[in-house]
Amino acid sequence: MLSRTTEDYLEAILGLIEEKGEVRIKDVAETLNVRPPSVTEMMQRMTEETLVNHERYGTISLTAKGEKIAKQVRERHEILVKLLRTIQVPEEVAEKDACVIEHELNPKTVEQLRKFVGFVENAPVYPKWIRHFKEYCETGEYPPECRAKQRKASPRRFLG
């Protein structure tokens, strides 16, 4: 398993390649807010792990292995952002939290989250529960049509 830092570098390099086409040490340093010598050191390690191609003072590219991993990391990130936005987490917070969470999830969890987010996004009708939850978040009150069904909310009820 790769380190969180390595995954962050791969994801950043992929984004830069898509944005600029050509990636250099300074681009990665600016994107990740680290010093160029740190990027150089990481590129040496990632070259040894066959994740990137990089020669001194040259451009950086992803190997097939590095690109595959980078796309997986980005997909986990996007799934988490969508999930967090669905439950009304502000976008800036969702982005930051997704960056933290994306490295720690079991692949089975990621797959279930992917299915859930896809289900919600592709539901034939905007699910009422999302609208109800949004109203609850904004007001602290259950919407009128939910009050008849409302049971005393208890976190234990959901823990099985």
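The values are calculated or read from the model by the stated rules, or taken from the named source; none is laboratory data. Not measured: the values here are computed from a predicted model. In this analysis, Cβ positions are derived from the backbone assuming ideal geometry, glycine residues included, and neighbour counts consider all displayed protein chains.
At a glance:
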item	result
Lone unmet requirement of (1) under 23 Å from the mean Cα position of the chain (by Cα); (2) of a type in the set (Ser, Thr, Tyr); (3) within 27 Å of ASP97 (Cβ to Cβ) for SER38	(1)
VAL120 being at pLDDT below 95, part of a helix (DSSP H, G or I) and within 19 Å of LEU14 (Cβ to Cβ)	no
Test set (1) within 17 Å of the chain's Cα centre (by Cα); (2) under 27 Å from LYS26 (Cα atoms) - ARG85 fails condition number	(2)
Number of the condition not met by MET42 [criteria: (1) under 13 Å from ILE69 (Cα atoms); (2) modelled with pLDDT of 95 or more; (3) among the aliphatic types (A, V, I, L, M)]	(1)
Those residues of region 123-142 which are modelled with pLDDT of 80 or more and not in a helix (DSSP H, G or I), in sequence order	GLY140, GLU141, TYR142
Any chance LYS96 is under 13 Å from GLU11 (Cα atoms) and either small (Gly, Ala, Ser) or surrounded by fewer than 17 Cβ atoms within 10 Å (Cβ to Cβ) (or both)	no
Residue in region 59-71 that is within 12 Å of the chain's Cα centre (by Cα), surrounded by fewer than 17 Cβ atoms within 10 Å (Cβ to Cβ) and at pLDDT 90 or above present	yes
Residue count, region 99-117 (criterion: surrounded by 12 or more Cβ atoms within 10 Å (Cβ to Cβ) and touching a helix residue (DSSP H, G or I) at 6+ places or on another chain (Cβ under 9 Å))	10
